[in-house]
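For reference, the structure is listed below as structure tokens.
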């Protein structure tokens, strides 16, 4: 597939509290064929841990992620 499914952008930043729902969203992005872009950013907002993870759609010719 040359383009992301369902009109998704080729670069996205997923954010949210570090919980099951956030990890599920990252897992769903990986299942569609996206790859992680670098490591996550993590911060603490005083009440909870908040995470940001960028995902990218691979370009033609890119090696698949392991």
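What to note about this one:
- Filter pass, residue 19 being on the phi > 0 side of the Ramachandran plot, over 10 Å from the mean Cα position of the chain (by Cα) and exposed (fewer than 15 other Cβ atoms within 10 Å of the Cβ): no
- Of all residues in region 38-59, those satisfying the criterion of being surrounded by 13 or more Cβ atoms within 10 Å (Cβ to Cβ) and either in contact with a strand residue (DSSP E or B) (Cβ under 7 Å, 6 or more places away or on another chain) or touching a residue at least 60 places away in the same chain (Cβ under 8 Å) (or both) are 40, 50, 51, 52, 53, 54, 55, 56, 58.
Read the figures in this text as sums done on the coordinates, not as results from a lab. What you are looking at is a predicted structure, and each value in this text was computed from that prediction instead of being measured. For neighbour counting, all protein chains shown are included, and Cβ atoms are generated from backbone atoms with ideal geometry for every residue, glycine included.
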